[in-house]
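Working notes, beginning with the structure itself.
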Amino acid sequence: MCVPGCEEAVRHALTRRGFFRGAAAAGFAATAVAAEPAAAFAPRRFTSVVDLTHTMSPDFPTFFGVPGIELEKKFDLKKDGFNLNWWRIVEHAGTHMDAPIHFSEAGATVEQIPAASLVVPLAVIDVAAKAAQNADYLVSKADLAAWEKKHGRLPDNACVAMHSGWAKHAGDGAKFTGKDSAGTFHFPGFGADAAEWLMKERKVAGLASDTLSLDHGPSKDFKVHYMWLPSGRWGLENVANLDKVPASGAMLIVGIPKVKGATGGPTRLMALV
Ligand SMILES: [Zn+2]
């Protein structure tokens, strides 16, 4: 119980370090979708909001090579008195979420993911220099270890994001997909060993990538998807602006529309810095 003004004072007193200690003390549920809100998600101060979302349009490159969204104007202000479009959307296009059901029989659909597990600490793994040399680069355990050496242990319930530098290619479909003459994609992703380590050794809520997929372009077996999503964790793909947030310390808000039965969907991602 807090007297008027007390909550505000407590909020202001929370340092970033204190926030993460609180998150650790509050514990972490077995699966991301069952995360408890509790003190782990106590509001704290932030000074800016960074939009990690690409603008969605029919031109944004997609995995299937078809427009990820189509808008049809159904009502027009001049004719009908108001403007209104109908949308036809591919669930997994643009900046979007992969819900656990996307690669599992009985995983959570979007509306079953608790809001508390959609506001999480953001850890950004910068592999842009390596990915510039190798379009098929895989985030490794060594990359995660290097992050921890610099920033400390990955906070519980975090989203671990790969910053490969690919977001800047989003306006160039050929470069973004890296599609070769045989039809194989070339873009970076997470290594299965790194994903497995995160699942076993850390308590991570979600993975995020700034490319079309959590698995790298040439993947045919989608190993990371098949490992990560059935465990109850979520994924984010085509994330933008990871070069504009700190490697550690931001909070991520995953604004996914609450659609019954959805396997994912276009998502507004905002980082509180
Ligand atoms: Zn997806």
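Every number here is computed from the coordinates shown, using simple stated rules; none is lab data. Since the model is a prediction, treat every value here as computed from it, not as a measurement. Neighbour counts run over all protein chains shown; Cβ positions are idealised from the backbone, glycine included.
Side notes on the structure shown:
- Distance-filtered residues of region 238-263 - backbone nitrogen under 14 Å, label point 7 angstrom along SER48 Cα→Cβ: 241-247, 250-251
- Backbone phi angles across region 209-220, fed through the Karplus curve with coefficients 6.51, -1.76 and 1.60 (θ = phi - 60°), yield HN-Hα couplings of 9, 9, 10, 5, 8, 5, 7, 6, x, x, 4, 10 Hz in residue order; Gly and Pro are listed as x.
- For region 125-137, the Karplus equation 6.51 cos²θ - 1.76 cosθ + 1.60, evaluated at θ = phi - 60°, returns couplings of 9, 8, 10, 4, 5, 5, 5, 5, 8, 9, 4, 9, 4 Hz by residue, with Gly and Pro reported as x.
- Each of PHE82, PHE190 was scored by other Cβ atoms within 10 Å of its Cβ. Arranged with the fewest first, they read PHE82, PHE190.
- Gyration tensor verdict on region 86-215 (Cα atoms; rounded if a/c is under 1.5, prolate if a/b is larger than b/c, oblate otherwise): oblate
- For the peptides 241-249, 254-262, the ranking by mean Cβ contacts within 10 Å, running from highest to lowest, is 241-249, 254-262.
- For region 48-136, the gyration tensor built on C-alpha atoms gives a prolate shape. Its axis ratio a/c (a ≥ b ≥ c) is at least 1.5, and a/b is the larger of a/b and b/c.
- Cut-off under 5 Å, modelled amide H: who pairs with ASP98 long-range: GLY235, LEU236, GLU237
- Close amide H partners of HIS54, meaning residues 5 or more places away or on another chain with modelled amide H under 5 Å apart, are THR95, ALA240.
- Summarising the amide proton neighbourhood of ALA161: residues at separation of 5 or more, or on other chains, whose placed amide H is nearer than 5 Å comprise ALA123, VAL124, ILE125, ALA208.
- Peptides 94-102, 181-189 ordered by average Cβ neighbours within 10 Å, highest first: 94-102, 181-189
- Anisotropy class assigned to region 194-266 is rounded, per the alpha carbon gyration tensor with a/c under the 1.5 cut-off.
- Contact order relative to length of region 104-205, as percent, for alpha carbon pairs under 8 angstrom and 6 or more apart: 36
- Of LYS200/LYS223; LYS175/LYS244; LYS141/LYS223; LYS175/LYS223, pairs whose Cα-Cα distance is over 18 Å: LYS175/LYS244; LYS175/LYS223
- Neighbour-count order for THR55, THR267, fewest beta carbons within 10 angstrom listed first: THR55, THR267
- Proxy reagent accessibility, fewest Cβ within 10 Å first, across ARG268, ARG88, ARG233: ARG88, ARG268, ARG233
- Derived scalar couplings ³J(HN,Hα) [region 100-107; Karplus, 6.51 cos²θ - 1.76 cosθ + 1.60; whole Hz; x for Gly, Pro]: x, 5, 4, 10, 8, 6, 10, x
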